[in-house]
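Beneath this line is the structure, given in structure tokens, with notes to follow.
The values are calculated or read from the model by the stated rules, or taken from the named source; none is laboratory data. Quick caveat: nothing in here was measured; it's all calculated off a predicted structure. Using ideal geometry, Cβ is built from the backbone for each residue, glycine included, and neighbour counts are taken over all protein chains shown.
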Amino acid sequence: MFSFFLQPILLLPILASIFLAILFLQSGLDKVFSWQGNLSWLESHFSKTFLRGQVKIMLGVITLTEVLAGILCALGVFEILFFKTAVLSLLGGELATLTLVMLFFGQRIAQDYVGAAGLVPYFVMSIISNIMFALLTNYTFLQKSINNLSL
């Protein structure tokens, strides 16, 4: 059992998936449970931009994508553990990356350059995570294909 955790091809994607699950579930659920506070803050944040009339829909979209990304990454942990593939983590990671791009766009439009810069490390982490998820998924697929050829 412990040798499983010493395999970087499995351990690193598990840790990345846990990280993304925590990040996006916490952020998305915070928006769900503090909807009005987030809406008020964002309406002020975007008050001088062309997005000022779209804040409610943007908050809904961001909340949905964050929660969905977090759920997919959380389920992906179990998929990696039990099936040694990362399709769900990859889907969650891709959605997480898209969410970060949307957040970055909003911060830049609102001229919150410090806030936009604060998203960059998360973006880099999500890109690296997606590479790991894709490699693990392709590695598992290739192993299964090779095993089927030898039957």
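Contact map, region 23-44: residues that are more than 16 Å from residue 58 (Cβ to Cβ) paired with residues that are β-branched (Val, Ile, Thr), Cβ distance under 8 Å, separation 6+ or inter-chain. Pairs shown: 24/67; 24/99; 25/67; 25/71; 29/67.
Which count do you get for residues in region 116-151 that are over 18 Å from the mean Cα position of the chain (by Cα) and not aliphatic (A, V, I, L, M)? First the steps, then the outcome.
Within region 116-151, the subset over 18 Å from the mean Cα position of the chain (by Cα) is 138-151.
Then drop every residue that is not not aliphatic (A, V, I, L, M), which leaves 138-141, 143-145, 147-148, 150.
Residues flagged as over 18 Å from the mean Cα position of the chain (by Cα) and not aliphatic (A, V, I, L, M) within region 116-151 amount to 10.
Taken over region 121-143, the criterion of being modelled with pLDDT under 95 and either among the hydroxyl-bearing types (Ser, Thr, Tyr) or exposed (fewer than 12 other Cβ atoms within 10 Å of the Cβ) (or both) is satisfied by 137, 139, 140, 142. Whenever a residue of region 52-78 is surrounded by 18 or more Cβ atoms within 10 Å (Cβ to Cβ), its partners that are acidic (Asp, Glu), lying with C-beta atoms within less than 6 angstrom and at least six residues away or across chains, give the pairs 55/43. The conditions of being hydroxyl-bearing (Ser, Thr, Tyr), in a helix (DSSP H, G or I) and in contact with a Leu (Cβ under 9 Å, 6 or more places away or on another chain) are not met by residue 97.
Consider region 82-120 and keep the residues that are over 22 Å from residue 42 (Cα atoms) and out of contact with any helix residue (DSSP H, G or I) (no Cβ under 7 Å at 6 or more places or on another chain). The one that is surrounded by the fewest Cβ atoms within 10 Å (Cβ to Cβ) is 82. Just a yes or no: is a residue in region 27-43 surrounded by fewer than 18 Cβ atoms within 10 Å (Cβ to Cβ) and outside any helix (DSSP H, G or I)? Yes, some residue in region 27-43 is surrounded by fewer than 18 Cβ atoms within 10 Å (Cβ to Cβ) and outside any helix (DSSP H, G or I).
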